[in-house]
Amino acid sequence: MGGRIPDDLIQKIQDQNDIVEVISGHVQLKKSGRNFKALCPFHSEKTASFYVNPDKQIFHCFGCGVGGNIFSFLMKYNQMSFGESVKVLAEKKGISIPKSFFASGQNSGLARSLLDLNETASHYFAHCLKETREGQIALSYLEKRQIRKSTIEKMRLGYAPLKRDGLCLAAQQKKISLSLLERAGLISPRMNEEGYFDYFRKRIIFPIFDVTGRVIAFGGRVLDDTQPKYLNSPETPVFKKSAVLYGLNFAKDDIRKSGSALVVEGYLDFISLYQAGITNVVSSSGTSFTEGQVRALRRLAKEVILVYDPDAAGTAATLRGIELLLREQLQVRIVSLKDGFDPDEFIRKNGKAAFLAAVNEAKGFFEYNLERLLNLCDVKNLNGKVAVVEGMLPWVKLVENSIARREMIKQISERLNIEESDVMEEFNKLSQRGKPLAAPEGVFPNFSLDAEGSLIKLIFEKEDILDEVKKEIEPSDFYDGNLRQIAEFIWRYGRDDKLPSSKSLINFLPEEKTRDILTFIILNKTVFHDEAKALRDCLEYIKKRKRLKRQKELEKEIKLAEAKGEDETIRRLLSEYQNVVKER
Ligand SMILES: [Zn+2]
């Protein structure tokens with residue numbers, strides 16, 4: 001699995017990168033005893049079961065069972081190969097890896113080709129924006145929107161010209177395969193005739209980045225009133241729309257530091273806020289907020305502040321967003337910008353300070369909804385009051401804390417000037433009607449260590465017992481396939497009392513499941529009160545099981561020999577059988 005990068009270089013990169021530093025770049029960690037704890041980034045949960053252990057430099061989630069070291073974390077989090085994760089961490093510490101280790105082998109694969117192609121295409125679009133006459137029109141449009149040159153560079157904005165095969169021709173000149181370009185969603189086959197046409201035409205191009213800054217797709221915006229206003233790349237093997245937040249690669253550090261994230265709708269909203277110095281912001285890129293996006297934010301922030309357009313579509317997106325965020329246990333606030341401005345217009349006309357003031361006044365989801373409904377319904381008559389109550393109660397139901405819920409019911413009744421007990425009665429009716437709210441909790445495996453797991457744990461905890469263990473059993477004596485694999489690597493690399501650390505062993509284990517099980521065993525809280533006795537018990541158990549297995553095999557073999565009348569064989573087998581039975 002180490003590819004062609006030498007093991008000692010991998011070791012050096014691993015030693016210089018601290019796991020707490022690496023993971024806290026993506027997940028909000030909280031100190032918990034000797035460990036760090038967080039809500040797991042790999043499954044949905046309400047109580048933290050994701051543990052990072054700085055001493056051992058490994059992590060494990062006791063909710064979904066995922067575990068590993070710094071490389072495994074990045075592989076899983078960024079969907080990278082092992083080689084790519086090594087490269088990222090080497091670059092972080094200024095360690096150079098000779099280019100030859102990244103020869104064709106590790107760069108092959110469709111995903112890699114598509115990422116390379118997107119990179120090339122983004123240069124083509126940037127060229128069209130800056131170096132062509134048509135691009136000048138787009139540039140002056142951006143200028144009018146007060147987007148600075150430095151921002152255009154940083155966000156790598158581009159322009160797709162009107163010509164219907166501009167990118168096709170440019171690609172052909174560079175000998176890029178058109179079918180790959182089609183896989184990347186950048187060109188489409190022509191109807192009723194040979195050839196292709198460009199997917200993006202006469203649009204400002206926003207490269208869409210993954211969290212590490214690689215171009216995974218593009219968004220295109222028209223300069224006039226043509227519909228659709230925004231066009232995004234179709235889904236490809238490297239672009240899963242529903243999980244991407246535009247700008248997260250730029251904003252992630254500031255979101256983590258501030259613990260809160262502003263979410264806007266459009267690319268330009270993001271860009272205007274970011275260039276004004278409001279940097280804990282991302283864009284849900286036009287589409288309505290998705291669970292995948294919420295989960296990406298939950299890894300970094302406790303609170304999400306929605307700043308959507310005040311029109312009907314924006315309000316609908318806000319309501320859906322609130323619900324998703326509440327279900328993921330995030331705090332939600334909603335900014336309502338004055339005069340019907342979207343965030344881009346607002347900050348251009350009123351400036352950063354006014355925008356921050358509006359954020360300061362952002363309302364909680366309860367207040368926001370109550371005010372929205374009070375504006376919508378005529379509460380002077382009974383029907384209006386009933387409509388507000390019915391509109392509010394599903395929101396109250398989303399709140400888990402019963403004290404908070406009661407307080408909300410009290411506020412509803414006060415604002416409508418009706419009896420609290422009546423609202424409560426309606427609420428109880430609603431609770432009984434609907435299905436239970438509790439979101440499925442991550443399955444907690446009720447898994448205590450058996451003899452084989454305990455033995456592996458003991459080997460890592462007491463470094464000088466391996467030779468003794470090796471004298472008594474072999475990896476093939478392990479019954480569990482994953483543990484057998486772990487044992488094989490321990491037996492192979494652990495010589496002369498020098499056992500590889502669990503964090504390095506992980507690099508050799510080829511299967512994800514095996515790595516998960518190793519981190520589970522290492523970070524599992526099992527305490528051995530008498531380690532020597534525990535060791536004896538584990539070995540005895542494994543050996544006894546081995547004998548029982550041999551006993552059964554011998555019984556079969558003896559029966560077979562008897563049927564064939566092979567007296568000599570029967571005698572030999574019987575004597576072995578007696579020895580096995582005697583050992584018990
Ligand atoms: Zn998990």
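Observations on the model:
- In units of the rule-of-thumb radius 2.2 N^0.38 Å, the chain shows an alpha carbon radius of gyration of 1.25.
- FRET efficiency, 1/(1 + (r/R0)^6) with R0 35 Å, evaluated for Leu430 and Tyr541 via beta carbons: 0.05
- Farthest toward the positive end of the dipole of the chain, out of Ile570, Ser258, Trp395, is the Cα of Ser258, where the dipole comes from beta carbon charges about the Cα centre.
- Relative to the Cα centre, the charge distribution of the chain, modelled as +1 at Lys and Arg Cβ and -1 at Asp and Glu Cβ, gives a dipole magnitude of about 720 debye.
- Shown is the FRET efficiency for Glu488 and Arg112, computed with R0 = 25 Å from the Cβ-Cβ distance and rounded to the nearest 0.05: 0.20.
- Distance (nanometres) between label positions extended 7 Å along Cα→Cβ at Glu91 and Lys556: 5.5 nm
- Dipole axis of the range 243-363 (+1 Lys, Arg; -1 Asp, Glu on Cβ), positive-most option in Val304, Thr290, Tyr246: Val304
- Note on Ser501 and Glu303: the model spin-label points, each 7 Å out from Cα along the C-beta direction, lie 3.8 nm apart.
- With the highest mean first, a sort of the peptides 523-530, 382-389 on other beta-carbon atoms found within 10 angstrom per residue produces 382-389, 523-530.
- Label zone at Leu178 (point 7 Å along Cα-to-Cβ), backbone N below 19 Å, the range 195-235: 195-201
- Averaging Cα coordinates gives a centre for the range 233-301 and one for the range 31-62; these two points are 24 Å apart.
- Scaling against 2.2 N^0.38 Å puts the C-alpha radius of gyration of the range 366-433 at 1.00.
- Student exercise, the range 110-239 dipole from Lys, Arg, Asp, Glu Cβ charges, in Debye to nearest 20: 420 debye
- The modelled label-to-label distance between Asp7 and Glu420, using points 7 Å beyond Cα along the C-beta direction, is 6.9 nm.
- Ordering of 129-137, 254-262, 293-301 by packing is 293-301, 254-262, 129-137, highest average first (other Cβ atoms within 10 Å, averaged per residue).
- The range 568-583 and the range 533-547 have Cα centres spaced 22 Å apart.
- GluC sites (Glu not before Pro) restricted to the range 163-257 and DSSP loop, no more than 14 other C-beta within 10 Å: Glu193, Glu194, Glu235
- Of all DSSP beta bridges in the chain, antiparallel share, percent nearest 5: 75 percent
- Potential extension, Arg145-Ala354 segment - 0.36 nm per residue separation minus Cα distance: 73.4 nm
- Peptides 331-339, 472-480, 68-76, ordered by how many other C-beta atoms sit within 10 Å of their residues on average, highest first, read 68-76, 331-339, 472-480.
- CD proxy at 222 nm, helix term only [per DSSP H run n ≥ 4: -39500 (n - 2.57); per residue of the chain; nearest 500]: -16500 deg cm²/dmol
- Sum of side-chain charges, Ala160 neighbourhood, beta-carbon under 11 Å (Lys, Arg +1; Asp, Glu -1): +4
- Förster-model FRET efficiency, 22 Å R0, Asp18 and Thr47, C-beta, rounded to 0.05: 0.30
- Principal-axis analysis of the Cα atoms of the chain puts helix 420-433 at an angle of about 50° to the longest axis.
- Acute angle (nearest 10 degrees) that the helix 451-461 long axis makes with the longest principal axis of the chain, alpha-carbon atoms: 80 degrees
- Computed about its Cα centre, the charge dipole of the range 243-363 is approximately 480 debye, with only Lys, Arg, Asp and Glu carrying charge at their Cβ.
Where a number appears in this text, it was derived from the coordinates with a stated rule and is not lab data. For clarity, every value in this text was computed on a predicted model and none was experimentally measured. Neighbour counts are summed over all protein chains in view; Cβ atoms, including those assigned to glycine, are modelled from backbone coordinates with ideal geometry.
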